[in-house]
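> Here's a structure for you.
The values are calculated or read from the model by the stated rules, or taken from the named source; none is laboratory data. Because the structure is predicted, anything quoted here is derived from the model rather than measured. We place every Cβ from the backbone using ideal geometry, glycine too, and count neighbours over all the protein chains shown.
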Amino acid sequence: MSEETRKTAPPYSEEQITHWLAFLARGMTEHDQTIFLIEKLQPSWLRRTLESTVYFLASRMLSGVAVAIATAFIFEAQLALVAGLLSGFLLGLFDVSRLFIHLEIRRKYLRNPKINTFINMVFIGLLSGFIGWFISLSYINDYQGFIFAWAFGALYAVSFGFRRPAANMRNDIQIPELLSWSWDRAFKYGGFGLLFGSMIGSVAELSYRILADIAIVQHLEWWLAVSLFSGLVGMLCGTIFGGLESGLLPSKTESNSGIKLALRNGLFAGIIAALFIAPTGILLDKISGGLLVSLTGLEELSEGSTYGVVSAWLLFLWYGGLDVIQHFLVRFLLWRAGCLPWRLAPFLDYAAEELHFLQKVGGGYIFVHRYLLEHFAAMGEDDGRPRTADGG
């Protein structure tokens, strides 16, 4: 083949172009989309039930590992990793079951988002906390195991359960493209965090005293210290998580810009959290005279770096990191199934600039004519791929 022929050879075969555009057209039709944005891909684009199952199992296990990384700075890394993987796997199985089992109670009572979120947080917190406590029996003493179970369950419930009120094939990935600050929400959720954190600390101390057969009225200063510390941590977390609001850009000029913005926002939120929470953790330890360390036996709680790294990691996950991981998981599964190329933006640009099948609109793409969209979508209907009941 001559040098000139190699230069003019198309980067994709006709079969690949037809197949990928047919899949794109069918997906846009099923999701009622006029403009296709790469960052708006959801697990509902996955064609096979097996692919959807793999997505939910893998994404939940990845979330468990992400929470495990945070707790590994305080407890044993192996303990945190095993608890994260097992909790994520069981949560994934539960979410998969909810895709195919439609319970009447869910349709009737769980439409209220606040009730749904509360139930989801309690379920995830109890599930991951129990798993953490069960696994900790082989690694650390009963008291620290109990603390690990509460810490791991609370972190998992907040970082994942609060953001995911239900498994939803069409809305599981929520890319935060904008961050803004609201003082009203900061004060509101800060007060809620203070109350909720104090209650969690009190219940945790009471539960341990009952399980360890310790008199409830002894060493009340320990009880007060645990409740106060939990309340202050809850207030700080509520202020930051509540004050920072995420949103979507009204318009974009670059392909897949939402992913880049989500990574930037996650890094920004993580740095801000570390700068505030790290000195606060050191201050609380100094004020209490190291009482929390003496109660738990965890020297790591006296180090500001522990609070800074843990809070930075969790805020990074909350404000974009976890969604970016899930986005690329969907992209990987679509690529492995042959539905779309891995380097999606260059292909879409080629289809727009060279083939003129698509037209670039801001950061998205549209078919140049409605009839062309319907033509490719009709071709996709005969590709022999099975579909799930909910369009995923």
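Per-residue answers, yes or no, for (1) acidic (D, E); (2) at pLDDT below 70; (3) surrounded by 19 or more Cβ atoms within 10 Å (Cβ to Cβ); (4) on the phi < 0 side of the Ramachandran plot:
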| residue | (1), (2), (3), (4) |
| --- | --- |
| G289 | no, yes, no, no |
| Y307 | no, yes, yes, yes |
| G321 | no, no, yes, yes |
| Q326 | no, no, yes, yes |
| C339 | no, no, yes, yes |
| P346 | no, no, no, yes |
| E353 | yes, no, no, yes |
| Y365 | no, no, yes, yes |
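> Which of (1) surrounded by 15 or more Cβ atoms within 10 Å (Cβ to Cβ); (2) at pLDDT below 80; (3) out of contact with any helix residue (DSSP H, G or I) (no Cβ under 6 Å at 6 or more places or on another chain) is the odd one out, the single condition D142 does not satisfy?
(1)
> Taking the condition of being hydroxyl-bearing (S, T, Y) and more than 24 Å from L248 (Cβ to Cβ), how many residues in segment 18-68 meet it? Lay out the reasoning, then the answer.
Within segment 18-68, the first condition is being hydroxyl-bearing (S, T, Y), and the residues that meet it are 18, 29, 34, 44, 49, 52-53, 55, 59, 63.
Now drop any that are not more than 24 Å from L248 (Cβ to Cβ), which leaves 18, 49, 52-53.
Total meeting the criteria: 4.
> Could you pull out the residue among S311, S294 that is among the polar types (S, T, N, Q), modelled with pLDDT under 65 and assigned to a helix (DSSP H, G or I)?
Details: S311 fails: modelled with pLDDT under 65.
Testing whether each residue is among the polar types (S, T, N, Q), modelled with pLDDT under 65 and assigned to a helix (DSSP H, G or I) leaves just S294.
> Which of the residues that make up segment 310-339 are more than 11 Å from the chain's Cα centre (by Cα) and not assigned by TED's automatic domain parsing to the domain that holds I272?
Hits for segment 310-339 are F328, L329, V330, R331, F332, L333, L334, W335, R336, A337, G338, C339.
> When you look at R107, is it at pLDDT below 75 and outside any loop (DSSP other than H, G, I, E, B), yes or no? Give the derivation first.
Details: at pLDDT below 75: yes; outside any loop (DSSP other than H, G, I, E, B): yes.
Judged against the criteria, R107 is a match.
> Okay, moving on. Looking only at residues that are outside any loop (DSSP other than H, G, I, E, B) and of a type in the set (S, T, Y) in segment 221-271, which one is surrounded by the most Cβ atoms within 10 Å (Cβ to Cβ)? Outline the logic, then answer.
Residues of segment 221-271 that are outside any loop (DSSP other than H, G, I, E, B), as a first pass: 221-247, 257-271.
With of a type in the set (S, T, Y) added as a condition, the list becomes 227, 230, 239, 246, 257.
On the way: S227: 20, S230: 25, T239: 22, S246: 19, S257: 17.
Taking the candidates together, the pick is S230.
> A follow-up question, please. Inside segment 362-371, can you point out the residues that are touching a residue at least 24 places away in the same chain (Cβ under 8 Å) and touching a Phe, Trp or Tyr at 6+ places or on another chain (Cβ under 9 Å)?
Here is the first cut: in segment 362-371, the residues touching a residue at least 24 places away in the same chain (Cβ under 8 Å) are 362-367.
Scanning segment 362-371 gives G364, Y365, I366, F367.
> Can you name every residue in segment 20-68 that is buried (at least 23 other Cβ atoms within 10 Å of the Cβ), farther than 26 Å from P346 by Cβ and of a type in the set (A, V, I, L, M)?
Listed by number, the residues that qualify are V67, A68.
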